[in-house]
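Take a look at the structure below.
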Amino acid sequence: MHVLMNRSIECFIRDTYGATAWRDIAAAAGLEFDRFEALMTYDDALIYKVIDAAAAQLSKPGEELLEDLGPYLVSHPNLEGIRRLLRFGGENFVEFLYSLDDLPDRARLAVSDLTLPVLDLRDHSPGTLTLRCAGDYPGFGYVMVGVLRAMADDYGDLAVLEHLGRNGDEEMISIQLMETSFTQGRAFDLSAGAGCNDHCQIRPVP
């Protein structure tokens, strides 16, 4: 698993539950370090140990933690660059949804060795869609549920999302578009720079 994914989970726990909670979770997961380093390579199983330890320490299902990670990635001020990458997908939420097929390629433009699961949007009827997430990262679909919910809010639309389960390497998400322009949404300026501080940096170190 790419270190940016490991770092995003670490930063989510640090920023949401505090540094002490992260240290306790890292110890419970058997980590021999207190942060994921940008230039290191880690076994995929390690981050799932962290998720299991976090679920136990915080008394929350792992799926719920992963879903909470989605809004963090979109909304936390440290990670404006991720929000900008997503907002480049369209001027409104519907356009954004139809751009998801291209998101893995757009992500690789920012981080050349980052591999995201395949995303395949399927349109069943007006306002009713499903998103297929296919790849080697079990639980990524729950992260996408959180991301989509946060992006609907970001655009000011009302949407109902549901994780429909996993079959092999595929996870399915149900998307019901209830109302566009439900709220004003968050301001977005294409020309603004992406901010990030040193507290919890998830960009790769040059």
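Taking Cα centre as origin and charging only the Cβ of basic (Lys, Arg, +1) and acidic (Asp, Glu, -1) residues, the dipole magnitude of the chain rounds to 360 debye. Subtracting the Cα-Cα distance of E37 and S174 from 0.36 nm times their residue separation leaves 45.8 nm of extension gain.
Only the Cβ atoms of Lys and Arg (+1) and of Asp and Glu (-1) were treated as charged; on that basis the dipole of segment 3-60 about its Cα centre amounts to roughly 180 debye. Spatial offset of segment 83-97 relative to segment 1-64 amounts to 29 Å, using the alpha carbon center of each. Between S99 and L46, the FRET efficiency estimated from the beta carbon spacing at R0 = 22 angstrom works out to 0.10. Computed from backbone phi with θ = phi - 60° and the Karplus coefficients 6.51, -1.76 and 1.60, the 3J(HN,Hα) list for segment 19-35 is 5, 5, 4, 4, 4, 5, 5, 4, 5, 5, 7, x, 5, 9, 8, 10, 7 Hz; x is used for glycine and proline.
In the chain, helices alone account for a calculated mean residue ellipticity at 222 nm of -13500 deg cm²/dmol, with every DSSP H run of four or more residues adding -39,500 (n - 2.57). Taking GluC sites (Glu not before Pro) as exposed when their DSSP state is a loop state and no more than 14 other Cβ atoms lie within 10 Å, the longest site-free interval of the chain runs over 92-206. Under a model in which nothing but the beta-carbon of Lys, Arg (+1) and Asp, Glu (-1) is charged, segment 71-179 shows a dipole of about 200 debye around its Cα centre.
Read the figures in this text as sums done on the coordinates, not as results from a lab. Because the structure is predicted, anything quoted here is derived from the model rather than measured. Ideal geometry is used to build each Cβ from the backbone, glycine not excepted, and the neighbour counts take in all protein chains shown.
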